[in-house]
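Working notes, structure below.
The values are calculated or read from the model by the stated rules, or taken from the named source; none is laboratory data. Quick caveat, the model's predicted, so the values are computed rather than measured. Ideal geometry is used to build each Cβ from the backbone, glycine not excepted, and the neighbour counts take in all protein chains shown.
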């Protein structure tokens, strides 16, 4: 009987010894509390823009005989920093406030054909209406601030984000040209009563080269998109796509807005 009692006590002690380390792991040490998950993340962002200028404009030069520039597009880029603040308990947070500030380039090229600009054949007095191409190159650069609400979908690593985009316009410049396409032996008639300049042996007229008149200094937009969070050891890599809908006009003179499809990557480090 005593032998059986000793075996039971010994077995109980072994069980207690084996359980104690597990219990210690599951309870916070009052001297060294368990570390809390991070709530704030910061890091760099970068990507490219496919820009869409809609609404268009006519020439800002009076009597320039230009067609209406209806739409233009070109590629640009953005680079800057982001911060993310998790909402709720950081351990299982599925939503956050995402802020992004970036230098953002939104250029565009417009092109329209026309056949109504008078020209003459070289060394002849014959006046013709040749094939003419009207081009406008736009430089449009901003500092953009995005304040987005981000929501992760279920338990996946895919999320969606939406919110306002506020831009401070650094540059809004326009270079507008007429180019003779054909016939090759024609050239423009020089107009001495204007400030136009001529290139390519009078086959190109620079109508305007400078700031967009009455350009807005602030641009407001709405940004919506999707992202994927890839968690590495000490940071997050977050590829994303967004579409930025322009609300305000480029200039008060025209119904001209700038939209952009954006694709890039955020890298975020926990603080």
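What to note about this one:
- Selection within the range 240-271 - at pLDDT below 95, farther than 16 Å from residue 72 by Cβ and outside any strand (DSSP E or B): 252, 253, 271
- Residue within the range 229-239 that is assigned to a strand (DSSP E or B), modelled with pLDDT of 95 or more and either touching a helix residue (DSSP H, G or I) at 6+ places or on another chain (Cβ under 9 Å) or within 21 Å of residue 211 (Cα to Cα) (or both) present: no
- Look at (1) loosely packed, with under 14 Cβ neighbours inside 10 Å; (2) under 30 Å from residue 85 (Cβ atoms) and you find that residue 197 fails only one, number (2).
- Criterion (surrounded by 15 or more Cβ atoms within 10 Å (Cβ to Cβ), modelled with pLDDT under 95, in contact with a strand residue (DSSP E or B) (Cβ under 6 Å, 6 or more places away or on another chain) and in a strand (DSSP E or B)) met by exactly one of 100, 120: 120
- Which listed residue, of 159, 167, is under 17 Å from the mean Cα position of the chain (by Cα), buried (at least 17 other Cβ atoms within 10 Å of the Cβ) and in a strand (DSSP E or B): 167
- Check on residue 135, surrounded by 17 or more Cβ atoms within 10 Å (Cβ to Cβ), within 22 Å of the chain's Cα centre (by Cα), modelled with pLDDT of 90 or more and outside any loop (DSSP other than H, G, I, E, B): no
- Count of the range 37-92 residues which are part of a loop (DSSP other than H, G, I, E, B) and at pLDDT 95 or above: 1
- Top-ranked residue in the range 212-226 [being without any contact (Cβ under 8 Å) to a residue 60 or more places away in the chain and in a strand (DSSP E or B); ranked as farthest from the chain's Cα centre (by Cα)]: 215
- Conditions (1) closer than 30 Å to residue 39 by Cβ; (2) within 15 Å of the chain's Cα centre (by Cα); (3) buried (at least 19 other Cβ atoms within 10 Å of the Cβ): number failed by residue 263: (3)
- Conditions (1) modelled with pLDDT of 95 or more; (2) farther than 21 Å from residue 166 by Cα; (3) surrounded by fewer than 13 Cβ atoms within 10 Å (Cβ to Cβ): number failed by residue 218: (2)
- When the range 68-84 is filtered for residues that are over 21 Å from the mean Cα position of the chain (by Cα) and surrounded by fewer than 16 Cβ atoms within 10 Å (Cβ to Cβ), the ones remaining, listed by number, are 68, 70.
- Against the list (1) closer than 30 Å to residue 166 by Cα; (2) free of Cβ contacts under 8 Å to residues at least 60 places away in the same chain, the condition residue 206 fails is (1).
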